[in-house]
Structures are given as C-alpha cells and as structure tokens.
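A quick write-up on the structure given underneath.
The values are calculated or read from the model by the stated rules, or taken from the named source; none is laboratory data. Keep in mind that this is a model prediction, so the values were computed, not measured. Reconstructed Cβ throughout: ideal geometry from the backbone, glycine too, with neighbour counts over all protein chains shown. Please note that ligands, DNA and RNA were not included when accessible areas were found on the heavy atoms of the full protein model with its side chains. Shrake-Rupley method; radii C 1.70, N 1.55, O 1.52, S 1.80 Å.
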Amino acid sequence: MTTYRLTFLREKLKDIDTLIITNPQNRRFLTGFTGSAGVCFLSKDHAYLATDFRYYTQVEQECQDFELIQAGYDFIGTLPKVLEKMNAKRVGFETDHLTVSEFESYKEAAPHVEWVPTKNLVEDLREVKSVAEIETLRHAIKVTDYAFSRGLQALKPGITEKALQWALKQALFDIDGREPSFDIIVAAGLAGAKPHARPSDAPIPRGVPIVIDMGALVDGYHGDMTRTIVMGEPDDTYRKIYDIVLRAQKAAIDGIRPGPNGRDIDALARDLITDAGYGDNFGHGLGHGVGLHIHEMPRFSTRATDAPLQKNMVITVEPGIYLPDWGGIRIEDVVVVTENGCEILTETPKDITSQIMPV
Ligand code: ZN
Ligand code: ZN
C-alpha cells in the first residue's frame, strides 16, 4: 500500500544514505502502522520499523514494506546495531520532530555516523493526497457535517458553551463511535473574538455570534469545519460582518486551482476584508492543509512559499473577522484542488439564513 511512497522518498535521499523518521504522522504515512510508538529507518536497500513489545504483532500485520526491529524499550541501545546493519554513513534526521535531548542521545549512541539535518522530506510527499486519502477525508468531512447538524439539536436558550460542545462530541460518537479531530471550539459572543477560545460554563446569550469549529477523525484523517451561528435574531453587525467573511471565503475558493501559490489565494480573501475596513481584524492565515495532521502543508497565508498549488491537495479556507468588544465570525470549509479549480467537500450550508437558529 505504501510502496510508491517509499519509492518517491528514496529518490529524495540525495546527500544522505539513511533517513530516520520520528514524526508520528510521517511514520503512519510511510508504513501504514497505526500504533503510537516507533521509529522508521529508510535507505535505498532497507526499510525498518523499530518499536516496542506492545506492537510487534501489529507491525507484522500492518506494514508489508517495513521489516520489524524488536527494540523493546531500549531504542537508543538498538540504534547503533540498526545503523550498522544498514551500513549507514550520512544519516538524516527530522529537525522539526526530534527534541534536543533525543538528538544528543542519538549522537552519543552512534558517534561514528554523520548526522544531517533534514526538513519536510516526508511532509512534502503528504501535501498531494492519493485518491484513497481524498476518499477518507471526504468521509471525515461527511461525518463532521452530519454530527454538526445532529449536535445543534441541543441548542436552546440557557445552554452553556460546554454543554453544546458535549452535544457535538456526543453526535460524533453516535456515528460509528467517531472522535473529534481536535478539541471542539464553541465560542459565543466576546469569546468568539479569540480564534481558539476554550468553551466555558457561561450560558450562551441569544443574538450573539457562536463560533463552532469541529471535525471528525476517520482512520487517522482529520475533518475541519467552522460555522458561526446565532440563536434568535442577530444584530446588524452580525449581518454585515458575516456577509464580508462569506464573500472573502468565496473569492478565495473561486481562485483555487493548480498554479497560484498560497500567498496568492490568501490575498484574494485578505484584500476583500481589508477593503471592507477589517484587515487588522483578520489575524491568522486563510487556511491549511489537512490530512494525517490537522494542520499540515500547504498553507494559505501571507508567509506561504512560492510553491504552486497542485491537483489533489486538500486545504481549508477559513477567513475570519474578530472584533474584541463584539465577537468573531469565521467560516471554514475544506476543498480539494481539481484539474481546473476546486471541489468544496464541506456540505453544511453557509448562507446567512441557515446560520440563524430559531429559538
Ligand atoms: Zn477549524
Ligand atoms: Zn482549520
């Protein structure tokens, strides 16, 4: 299942002969192994997965392309033997996924090899999704849509942010025992001005914006969606800001296709928000890749790289406007880049009328 991924990765091992993979999502992407601990070793001729006693059988079952190294709990003790077996000389490690102390102990255990820092070797491969990955993400997003509408049935005057969060989580669990892909955000009124607010015990007032950001986890892949609803009649600010954020999101989605880079797409939404007078109130990037990790490459942001968008990248589009003395509005969908544009995977309605919940 993962053979072609190894072929691509091996082609990228130019100035190193061996790569050590310590990031959990990268490990799963390359090996298919769903356990929580293990380190991969890859060279032109070898592919090993070292793990502890808990996972020996699981590795045999899940990883056809990797040979199991029974490392027990003394991984560092095993390291020199594995590197020797691989005839490793220049060994790459993932700079973003190894602590300083782990790296020090690697160097101490194998001082004879040259340690070479690497960055994004596997992450780059994860940016463009396979057909199977897109189907899994589609599934995760469908579950998200469904759980969102089911969970909202709990919305009634007097409900607290935490109770609504729990209802949404319960709705996920009711669909094949699914779990949230991250802590569900329910942020009403002023709390919504903080993009990543924690739900509180405060009852949600009528008429204020309620930012709900949630996703389902399906086979390791992350759904991600935000809607900003309101219980009862909203004020004029809601109507005005909602309209700007929705137009900004549509402007960005209309521009997504293979070719432009992440800054180009970010600007489509940001310029519209800035022209409307709220540029300073949109303080985060427009979107992020989703997959085995909730936030991965590529990015839609002012600091995105020159790399052009490619077909089958799966990315969120989530502009927001946050007003410290009022609240926030964010709208987030997941899209997949197609041959000539993009397909919106999220199906939850986002026209303003659907956000206004009668009470
Ligand atoms: Zn989100
Ligand atoms: Zn997101």
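Ignoring everything but the protein chains, give the 1.4 Å probe accessible area of F53 in square angstrom, nearest 10.
Counting only protein heavy atoms, F53 exposes about 150 Å² to solvent.
Label N312 and Q70 with points 7 Å out from Cα along Cα→Cβ: what is the distance between them in nm?
It is 3.8 nm.
Counting alpha carbon pairs within less than 8 Å and at least 6 residues apart, what relative contact order, in whole percent, applies to segment 166-208? Kindly include the intermediate steps, with their values, before the conclusion.
On the way: 25 pairs, mean separation 12.3, N = 43.
Reported as a whole number, the value is 29 percent.
Per the Cauchy relation, a quarter of the hull surface: what is the mean projected area of the convex hull of the alpha carbons in segment 150-210, in nm²?
For the Cα atoms of segment 150-210, the hull's average projected area reads 4.0 nm².
Please report how far the C-alpha centroid of segment 42-62 lies from that of segment 93-151, rounded to the nearest whole angstrom.
Taking the Cα centre of each part, segment 42-62 and segment 93-151 sit 17 Å apart.
A 28 angstrom limit on the alpha carbon distance is what I want to check against. Which of K44/K129; K119/K169; K169/K240; K12/K129; K156/K240 exceed it?
With Cα atoms farther than 28 Å apart: K119/K169; K169/K240.
Taking springs between alpha-carbon atoms closer than 10 angstrom, which of G207, G327, G177 fluctuates most in the Gaussian network model of the chain?
Fluctuation is largest for G177.
For segment 209-344, what is the accessible area per residue in Å² when the probe is 1.4 Å? All intermediate terms of the calculation are to be shown ahead of the outcome.
On the way: 4860 Å² over 136 residues.
With all protein chains present, segment 209-344 gives 36 Å² per residue.
For the chain, what is the mean residue ellipticity at 222 nm derived from helices alone (per DSSP H run of n ≥ 4: -39500 (n - 2.57); sum divided by total residues; nearest 500 deg cm²/dmol)?
Rounded to the nearest 500, the figure is -11000 deg cm²/dmol.
What does the highest-first list of 3-14, 241-252 look like by mean Cβ count within 10 Å?
241-252, 3-14
Over segment 1-76, average the accessible area per residue using a 1.4 Å probe and give it in Å², no decimals.
I get 48 Å² per residue for segment 1-76.
Which part of segment 341-359 falls in the paramagnetic zone of R206, meaning amide N under 18 Å from the point 7 Å along Cα-to-beta-carbon?
Only 355-359 fall inside the zone, counting backbone N under 18 Å.
List the pair-distance distribution P(r) of the chain, using every Cα-Cα distance, as the percent of pairs falling in each 20 Å bin from 0 up to the bin containing the longest distance, rounded to whole percents.
Result, from short to long distances: 28, 49, 22, 1 percent.
How large is Rg/Rh for segment 77-141, to two decimals, with Cα atoms and a Kirkwood Rh?
A ratio of 1.17.
Note down the relative contact order for segment 1-113 as a percent, whole number, built from C-alpha pairs under 8 angstrom at least six residues apart.
Once normalised by length, the contact order is 28 percent.
Where the accessible area of segment 167-206 is counted over protein heavy atoms with a 1.4 Å probe, how much of it, in %, is carbon and sulfur?
Values: 1110 of 2140 Å².
Carbon plus sulfur share of accessible area: 52 percent.
What is the extension gain from N120 to K156, computed as 0.36 nm multiplied by their sequence separation minus the C-alpha to C-alpha distance, in nm to one decimal? All intermediate terms of the calculation are to be shown ahead of the outcome.
Working: separation 36, 0.36 × 36 = 12.96 nm, distance 4.60 nm.
Residue separation times 0.36 nm, minus the Cα-Cα distance, leaves 8.4 nm.
Could you give the angle, 0 to 90 degrees to the nearest 10, between helix 131-151's Cα long axis and the longest principal axis of the Cα atoms of the chain?
So the helix axis and the longest Cα principal axis differ by about 40 degrees.
Enumerate the whole-percent occupancy of each 5 Å bin, from 0 to the last occupied one, for all C-alpha pair distances of segment 3-126.
Values per bin, smallest distances first: 2, 11, 24, 26, 22, 12, 2.
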